[in-house]
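A.B. asks: Dumping the structure here so I can ask a few things about it.
The values are calculated or read from the model by the stated rules, or taken from the named source; none is laboratory data. All figures in this text were calculated on a predicted structure; none of them were measured in a lab. Every residue, glycine among them, receives a Cβ derived from its backbone with ideal geometry; neighbour counts consider all protein chains shown.
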Amino acid sequence: MKNILLTLGLISTCFLVWSQKVHYNLGMSKPQSHYFEVEMDLEGFKEKVLEVKMPVWAPGSYLVREFSKNVNLVKAFDENGQVIGVKKTSKNTWSISKGKASKVKVKYEVYSFELSVRTSFLDLTHGFVSGSGVFMYVNGHKDRSGTLEVIPYKDFNQVTTAMTRYQKHGFNYSFASYDELADSPIEIGNQEVFSFTAAGVEHTVAMYGPGNYTIEVLQKDMARIVESATGVFGQNPNKNYVFIIHNVVDGQGGLEHTSSTTLSVNRWTYSGSAYIGFLSLVAHEYFHLWNVKRIRPIELGPFNYDEENYTSLLWVMEGFTSYYDELLLLRAGYYDPNEYLSKLENTINYVEGSVGSRVQPLAHSSYDAWIKAYRPNENSANTTMTYYSRGAVMAALFDMMIISHSKGVQGLDHFLQALYDKFYLKQKRGFTEDEFRAELERFSGKSMKEFFEKYIHGTEIPPYNEIFREIGFGAEYTGVATPSFGASLRQDGGNLIVRSIRAGSSAEEAGLSVNDEILAYGDFRADQKGLEAMIAEMKEGDELELLVSRDDRLMKLMVKISLYEKPSFHFIPMKNEPQKDLLNYWLRTI
């Protein structure tokens with residue numbers, strides 16, 4: 001009897017789930033108003049009160065953006081078209097008193113006039129939907145599957161998204177859960193669409209806006225990037241993948257998704273060195289297909305859309321990806337080994353030469369992305385370090401450690417393959433920092449406790465030369481103390497303005513502040529070239545009087561030049577080193 005009751009209960013539960021239906025209509029009848037019109041049809045929900053919520057952030061972009069600020073009055077109706085009461089109960093939550101209604105239609109508009117990879121946009125030229133800022137979900141039912149019909153403006157004839165199209169006519173799509181809907185950007189308009197196949201996967205590319213691109217060249221080059229990225233893991237988890245590319249004046253970078261990405265680039269980026277930068281961006285966002293969308297910290301999924309999702313491991317997600325976006329170009333033949341080493345040397349010198357590297361630990365830069373990285377101010381360079389660049393440096397060091405320990409049999413590729421297999425494929429979850437470190441110790445053959453304490457949770461400079469020499473390469477320290485002013489300047493028309501001040505510098509000690517206007521130095525009227533030329537000739541202990549305007553008040557400041565040593569390194573190939581084969585393995589020259 002107990003088994004019969006249990007079976008009946010399961011059947012009843014399954015029927016309830018199956019009877020619950022979620023469908024969205026997305027309209028845009030007047031694009032010049034910049035409003036998307038959303039209808040959300042809910043059927044079969046038994047609760048007398050439903051809560052619908054709008055996320056406050058877009059996964060992959062770690063800042064609370066308060067998307068509900070763009071939502072106009074939310075209305076609800078029952079199956080007979082009668083108005084149902086709607087009450088706003090929090091900044092991103094609306095409570096709908098449906099009573100016994102079997103069907104509920106929710107209607108609202110979303111103002112969309114910020115064209116970036118993480119926000120939505122609509123005008124007479126096209127529409128772009130970043131799902132977490134347009135589609136609400138039913139609280140407690142994010143796991144429900146559903147359908148979406150996109151109703152383009154009359155002059156638009158294309159819709160591009162990674163969601164599955166389930167009807168030949170119209171633009172009708174299905175999604176397995178709200179997470180998939182929110183994670184599938186949509187381009188709507190008259191974009192140019194082409195495709196290519198790489199790594200056994202069909203790739204669709206939607207190009208909005210004119211540019212100096214050539215489709216045949218992009219098909220070939222993007223395929224090479226895809227093949228190189230897939231080669232790291234030996235398998236590609238997708239059957240189809242979508243690139244949405246916005247060709248604009250002010251490129252915004254990229255944002256990754258599980259089966260797609262959105263890239264925003266300058267429309268003339270498809271030639272010369274700028275084109276290599278574009279391919280690096282393609283490599284970066286495509287590598288996220290594995291690293292962060294599948295290999296991830298345990299905190300990043302399932303997402304809490306109501307608030308910040310803190311993790312200390314963004315340096316792995318973004319930093320490792322930044323390491324590979326250049327390494328993949330080397331493997332694909334866009335860099336030679338010397339060009340690649342120059343790139344890595346520049347990254348190390350940028351990281352170690354930044355004042356913030358001695359102030360903010362790498363783990364903290366990840367955790368505080370929500371409050372610092374996306375909210376920079378005039379003092380950020382003195383107090384923060386990007387987890388992109390410093391994380392990339394750590395990835396390079398770990399790669400060398402693994403290559404050295406395995407004697408050229410394994411590298412960071414194999415470590416990532418192990419994370420992918422163990423946590424994503426087998427355990428279907430993310431990992432903790434302790435689990436990540438344990439796997440790293442297994443591959444490097446050494447305890448990483450002290451390394452993490454000093455260089456991940458601390459701010460010390462890693463022993464570059466010691467680690468590089470393990471694979472037959474040197475990293476010589478080249479930092480030298482030199483006289484330094486410590487302020488950067490910008491010429492704004494006829495005004496000379498202080499742009500930034502380095503902490504502890506001569507300029508800071510003298511009392512100079514950001515946004516001060518320098519009117520004169522010594523007996524000379526201020527101009528940027530003249531002042532910088534004079535400073536370049538000064539020695540330690542030399543003094544210079546500045547006449548400064550601050551809030552239209554004049555003040556005289558005396559600057560006494562002091563020494564400053566900016567840490568830097570230079571790569572040196574070792575001759576007759578027994579580790580030469582390891583170096584060749586790292587650079588894939590064998």
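A.B. asks: Restricting attention to segment 448-499, which residues are assigned to a strand (DSSP E or B), aromatic (F, W, Y) and farther than 20 Å from S354 by Cβ?
C.D. replies: Hit for segment 448-499 is F473, nothing else.
A.B. asks: Something else: Starting from segment 404-426, keep only residues that are assigned by TED's automatic domain parsing to the domain that holds L582, then list their pairs with residues that are at pLDDT below 95 and part of a loop (DSSP other than H, G, I, E, B) whose Cβ atoms are within a distance under 8 Å, requiring at least 6 positions of separation or different chains.
C.D. replies: Listed by first residue and then by second, the contacts come to S404/E470; S404/I471; S404/Q579.
A.B. asks: Taking segment 532-580 on its own, how many of its residues are within 35 Å of the chain's Cα centre (by Cα), more than 20 Å from S484 (Cα to Cα) and crowded, with 16+ Cβ neighbours inside 10 Å?
C.D. replies: Filtering segment 532-580 down to residues within 35 Å of the chain's Cα centre (by Cα) leaves 564-573.
Okay, now just the ones that are also more than 20 Å from S484 (Cα to Cα), so 570-573.
Imposing the further condition that a residue be crowded, with 16+ Cβ neighbours inside 10 Å reduces the set to 571.
Residues that pass the stated criteria total 1.
A.B. asks: Determine which single condition E476 fails, assuming it passes every other condition in (1) crowded, with 21+ Cβ neighbours inside 10 Å; (2) under 30 Å from I403 (Cβ atoms).
C.D. replies: Of the numbered conditions (1) crowded, with 21+ Cβ neighbours inside 10 Å; (2) under 30 Å from I403 (Cβ atoms), the odd one out for E476 is (1).
A.B. asks: Now, a different point. If I ask for residues that are more than 21 Å from T204 (Cα to Cα) and buried (at least 16 other Cβ atoms within 10 Å of the Cβ), which ones from segment 152-167 would you list? Write out each step before concluding.
C.D. replies: Within segment 152-167, the subset more than 21 Å from T204 (Cα to Cα) is 153-155.
Of everything in segment 152-167, just one residue is more than 21 Å from T204 (Cα to Cα) and buried (at least 16 other Cβ atoms within 10 Å of the Cβ), namely Y153.
A.B. asks: When you scan segment 43-123 for strands (runs of 3 or more DSSP E) that lie fully inside it, which ones turn up with 1 or more residues that are free of Cβ contacts under 8 Å to residues at least 40 places away in the same chain?
C.D. replies: 75-78, 86-90
A.B. asks: Further question on the same structure: Where residues in segment 482-497 are under 22 Å from E540 (Cβ atoms) and aliphatic (A, V, I, L, M), which of them is surrounded by the fewest Cβ atoms within 10 Å (Cβ to Cβ)? It would help to see each step written out before you state the result.
C.D. replies: Narrowing segment 482-497 to residues under 22 Å from E540 (Cβ atoms): 482-489.
Cutting the leftovers down to aliphatic (A, V, I, L, M) gives us 487, 489.
On the way: A487: 24, L489: 20.
So the residue we want is L489.
A.B. asks: Looking only at segment 233-253, count every residue that is in a strand (DSSP E or B) and either crowded, with 23+ Cβ neighbours inside 10 Å or more than 14 Å from the chain's Cα centre (by Cα) (or both) and tell me the total.
C.D. replies: Matching residues across segment 233-253 total 9.
A.B. asks: Continuing with this model, one more query. Of all residues in segment 479-495, which are touching a residue at least 24 places away in the same chain (Cβ under 8 Å) and either of a type outside the set (D, E, K, R) or under 27 Å from I348 (Cβ atoms) (or both)?
C.D. replies: Here is the first cut: in segment 479-495, the residues touching a residue at least 24 places away in the same chain (Cβ under 8 Å) are 479-487, 489-491.
Correct list: G479, V480, A481, T482, P483, S484, F485, G486, A487, L489, Q491.
A.B. asks: So P376 ticks every box in (1) assigned to a loop (DSSP other than H, G, I, E, B); (2) of a type outside the set (S, T, N, Q); (3) more than 30 Å from A487 (Cα to Cα) but one. Which box is left unticked?
C.D. replies: Tallying (1) assigned to a loop (DSSP other than H, G, I, E, B); (2) of a type outside the set (S, T, N, Q); (3) more than 30 Å from A487 (Cα to Cα), P376 fails exactly one: (3).
A.B. asks: Further question on the same structure: What residue, of G85, G170, G99, G127, is within 30 Å of V248 (Cβ to Cβ) and either surrounded by fewer than 24 Cβ atoms within 10 Å (Cβ to Cβ) or in the same structural domain as H203 (by TED's automatic domain parsing) (or both)?
C.D. replies: Working: G85 fails: within 30 Å of V248 (Cβ to Cβ); G99 fails: within 30 Å of V248 (Cβ to Cβ); G127 fails: either surrounded by fewer than 24 Cβ atoms within 10 Å (Cβ to Cβ) or in the same structural domain as H203 (by TED's automatic domain parsing) (or both).
Checking each option against the conditions leaves just G170.
A.B. asks: Now for a different question. Going through E565, E545, E537 one at a time, which residue ends up being within 30 Å of A475 (Cα to Cα) and among the acidic types (D, E)?
C.D. replies: E565
Each row is one residue, and each column tells you yes or no for (1) within 30 Å of E318 (Cβ to Cβ); (2) modelled with pLDDT under 95.
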site	(1), (2)
S12	no, yes
V17	no, yes
V22	no, no
L63	yes, no
V74	no, no
T93	no, no
K105	no, no
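A.B. asks: What residue, of Y324, Y350, is under 18 Å from A395 (Cα atoms) and either assigned by TED's automatic domain parsing to the domain that holds S61 or buried (at least 20 other Cβ atoms within 10 Å of the Cβ) (or both)? Show your work before the answer.
C.D. replies: Numbers: Y350 fails: either assigned by TED's automatic domain parsing to the domain that holds S61 or buried (at least 20 other Cβ atoms within 10 Å of the Cβ) (or both).
Just a single option satisfies the conditions, and that option is Y324.
A.B. asks: Count, please, the residues in segment 300-312 that happen to be within 14 Å of G60 (Cβ to Cβ) and crowded, with 17+ Cβ neighbours inside 10 Å.
C.D. replies: Count: 5.
A.B. asks: I'm trying to understand the selection: among the residues of segment 539-589, which are without any contact (Cβ under 8 Å) to a residue 60 or more places away in the chain, of a type outside the set (D, E) and not in a strand (DSSP E or B)?
C.D. replies: Matches in segment 539-589: K539, G541, K575, N576, N584.
A.B. asks: Take the conditions surrounded by fewer than 20 Cβ atoms within 10 Å (Cβ to Cβ), of a type in the set (A, V, I, L, M, F, W, C) and under 21 Å from A274 (Cα atoms) and apply them to L341. Does it pass?
C.D. replies: yes
A.B. asks: A further question on this structure: For segment 400-447, enumerate the residues that are out of contact with any helix residue (DSSP H, G or I) (no Cβ under 9 Å at 6 or more places or on another chain) and at positive phi.
C.D. replies: Within segment 400-447, just K428 meets the criteria.
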